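A.B. asks: Pasting a structure below so you can have a look.
The values are calculated or read from the model by the stated rules, or taken from the named source; none is laboratory data. Note that this is a predicted model, so its numbers are computed, not measured. Heads up, the Cβs are rebuilt from the backbone with ideal geometry, glycines too, and the neighbour counts pull from every protein chain shown. All accessible areas refer to the heavy atoms of the entire protein, side chains included, with ligands and DNA or RNA removed. Shrake-Rupley method; radii C 1.70, N 1.55, O 1.52, S 1.80 Å.
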Amino acid sequence: MHTSSTISTAPDSFMLRLARLGGATVSRTATNPLSSSMGTTATTGVETMSTTGTSAATLHELASRVIRNNQDDKSCSTFRACLAVAGGGSTAISALAATPGASQFLTEGIVTYDRRSFAEFVSRHPPPPPGIVFPEREELKFASPFAAMLLANAALHQSLQLCSFDFSLRKMQQCIGVGCASSLTSNNANGGNKTRIHMALSTWDGHVHVQSVTLDRTPHSTRLDEETITSNWILHMISQQQQQQQQQHQHDLDTGASVSLPGTVISKDFYTDSVMGVMDSAEAIVHGKRNAIILIPKRDNMGSAEPLVDGMKSMVHTVLPADPIIFPGSFNPPHVGHLALARAAIKAMMRKAESERNSPPSTDILQTVWNAAHAKTTGDAMVPPTVLFEMSLTNPDKPPMEASEAVRRISLFEHASTQTSTDNDPIIDMPKDWGILLTSAPLFVDKVDTFKHYLSSSSTPPPSTDGSDSVPPRQMTFVIGADTMIRILNPKYYGDSFDAMLAAVRNMRDNGVHFVVGGRVEQGTQKEPTESRFVTGANELSEMPEDIQNCFTLVREEDFRLDLSSTEIRNQKSA
């Protein structure tokens, strides 16, 4: 983990980069492209300069540019953004919303005009991650870089929650949060004062870009002028982020006409981050700083042969995609059997989802709204669920796993995802959308209690309000083996109480838990040679009440059958 915080004050730093990004030129004077009544100059602290362009870029031109660049599916500059503003900047939201194609970019626009609204919004989201230093509470100003960073952090989490509705970690990697906290003109009598605009942009993996801009007010400046200028800067900051992304991935974006922004004092322009690598993430779990962290292959990395540890990033906020398949295991090593069972689980759950989709429509109004929103989000095609390979680094009977050992096992996913097929070991691809979930939850009761806090309410169907006794919506599906299912259903583990076992399983169901069960091959022994048989646990499950049976989905033998265990695979590799 590392942080960086540098303020650009050299005359060839931010303002020159800003001029290059906008196709502008550096000169001695500047005019406000949005209001001729507000002529100002730009200063970096070393010398006075200004930005002018060959043509003025209006607010809607900037909004159109952002949306056009976001519609390139091949570009890594596509974003899903939540904007949160306190004070000025709300017309950036309306300008985006008025642009065709905005629904592919804007997840939500939030205006926290009252201080209590600001406090309520930022406090219902997780705090900013470690590595970003904030002032003490008494020093916090509601128009400051720190306020903008708080808004961007909360907006990022909100965007992640909304994008979790798309059932995809890939989509969640497109999330950004943009915050703006500003102090604009409230009375023309104060025309000699400064207008201060503070902006921050946060990405899913922990990067934060902060800019602070100061405008010289004139006796003729109006709040509408400053509102438009503030919104212009917000959209320009987003456009800058798109530029940086396309430069990294060598994609061509629309840079549009030259951008002419009003004269300013750039008081802050810096980047900071709380990016956590694989080792950082493992140590955070082992030392109790976090209880769940999602590691995601880079978007270019899903299915590629790039070394996986170098290509994994952690989510700055842990948000589970809607109805994920969670595959617990020690993964020592991850092997073709894990991948085959993961793919079989996807097939089984997609069949189940298809049958659920064909069931009679709900008469509950909230459920109907949710179903309509889901259909609009995913379209007619069934979306395969995300697979999270969950590895608990703590154990109730042993010391925590060493972070270095966790890193070693994660690195083994590289081999599992890039291995070539042989006559005896056919290649099994990784799931299309997958990640690694590091936790400190060794028991199922711990996992359920932990994961329910990381599910977005946006991705969870609402409970019925029509008075019907409906089954709670499924929120997470665990992959287990037939032997584990048999143990779950064995009263022996519940004080020999059948009723206690039923109550425990129903409690997990009420928390949105479902199980998909992979069978195993049972071989005969030398003392008792018998033909091998495939054990699914179907006999034990058939003895349960119907509602308990519905908590489990059995994988068909034709979809998954493996005759090797992890121990046998390890022995083969060491031979």
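A.B. asks: Hey, among the residues in the range 104-121 that are open to solvent by less than 30 Å² (accessible area, probe 1.4 Å) and part of a helix (DSSP H, G or I), which one's farthest from SER183 (Cα to Cα)?
C.D. replies: For the range 104-121, the residue satisfying everything is PHE121.
A.B. asks: Scan the range 257-288 for residues that are modelled with pLDDT under 90, under 19 Å from the mean Cα position of the chain (by Cα) and acidic (Asp, Glu) and jot them down.
C.D. replies: ASP273
A.B. asks: From the list VAL133, VAL178, which residue is modelled with pLDDT of 95 or more, more than 23 Å from HIS453 (Cβ to Cβ) and of a type in the set (Val, Ile, Thr)?
C.D. replies: Values: VAL133 fails: modelled with pLDDT of 95 or more.
Every option except VAL178 fails the conditions.
A.B. asks: On to the next question. At least 1 residues that are closer than 23 Å to VAL513 by Cα, modelled with pLDDT of 85 or more and aliphatic (A, V, I, L, M) in each: list the strands (runs of 3 or more DSSP E) lying fully within the range 289-358 that qualify. First the steps, then the outcome.
C.D. replies: Working: elements: 292-297, 312-314, 325-328.
Those strands (runs of 3 or more DSSP E) span 292-297, 325-328.
A.B. asks: Follow-up question, since we're still on this one. Looking only at residues that are touching a Pro at 6+ places or on another chain (Cβ under 7 Å) and modelled with pLDDT under 90 in the range 147-171, which one is most open to solvent (accessible area, probe 1.4 Å)?
C.D. replies: PHE167
A.B. asks: Now for a separate question. For the range 80-103, give me each residue that is open to solvent by less than 10 Å² (accessible area, probe 1.4 Å) and in a loop (DSSP other than H, G, I, E, B).
C.D. replies: GLY88, GLY89, listed by residue number.
A.B. asks: Same structure, new question: Taking the residues in the range 202-236 that are of a type in the set (D, E, K, R) and in a helix (DSSP H, G or I) as candidates, determine which candidate is surrounded by the fewest Cβ atoms within 10 Å (Cβ to Cβ).
C.D. replies: Taking the candidates together, the pick is ARG223.
A.B. asks: Looking only at residues that are closer than 11 Å to ALA348 by Cα and of a type in the set (A, V, I, L, M) in the range 539-567, which one is modelled with the highest pLDDT?
C.D. replies: Selected residue: LEU554.
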